[in-house]
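Only one structure is covered here, and it is reproduced in the block below.
The values are calculated or read from the model by the stated rules, or taken from the named source; none is laboratory data. Because the structure is a prediction, the values reported are computed rather than measured. Heads up, the Cβs are rebuilt from the backbone with ideal geometry, glycines too, and the neighbour counts pull from every protein chain shown.
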Amino acid sequence: MRYQITWGVLAEQMLARIWLASRNRAALTRAVAWLEKHLATRPLELGESRASSVQRVAFWAPIGIEFEIIQDDNRVVVQGVFSME
C-alpha cells in the first residue's frame, strides 16, 4: 500500500529555512528523500509514536519530522520539521 505525502505549509517553510541555513544541503536532500520513501510505504513503522499511534516523529540526520498518518485516506501529513545540526 502506498501513502500520499502532503507537506503542510508550516512544514514546507521550516524545511526551506533549514535548507538555506544548512552546511550540508546534499545530506539534507538525501534525508528528505529517505524519509519520504519510508513515509510513502510504511509510515506506521517509521519513527516513534507521540500522542497516538498515528501521530509520530522520525529522525534521519540531519533532520527530524513530525507527521500524522490518516489511514482511511492512505495519506501522511508532515506537520513539522526540525534541524539536528
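Observations, loosely collected:
- Selection within region 58-85 - in a strand (DSSP E or B), surrounded by fewer than 17 Cβ atoms within 10 Å (Cβ to Cβ), of a type outside the set (V, I, T) and without any contact (Cβ under 8 Å) to a residue 40 or more places away in the chain: F59
- Every residue from region 43-85 that is at positive phi and touching a strand residue (DSSP E or B) at 6+ places or on another chain (Cβ under 6 Å): G47
- A residue that is in a loop (DSSP other than H, G, I, E, B), over 10 Å from the mean Cα position of the chain (by Cα) and surrounded by 14 or more Cβ atoms within 10 Å (Cβ to Cβ) occurs somewhere in region 42-57.
- Hits in region 9-41 - residues which are assigned to a helix (DSSP H, G or I) and not aliphatic (A, V, I, L, M): E12, Q13, R17, W19, R25, T29, R30, W34, E36, K37, H38, T41
- For region 19-31, taking the residues that are out of contact with any helix residue (DSSP H, G or I) (no Cβ under 7 Å at 6 or more places or on another chain) and not charged (D, E, K, R), the one that is surrounded by the most Cβ atoms within 10 Å (Cβ to Cβ) is identified as A31.
- Members of region 20-41 found to be among the hydrophobic types (A, V, I, L, M, F, W, C) and either under 10 Å from the mean Cα position of the chain (by Cα) or at pLDDT below 95 (or both), listed by number: A31, V32, A33, W34, L35, L39
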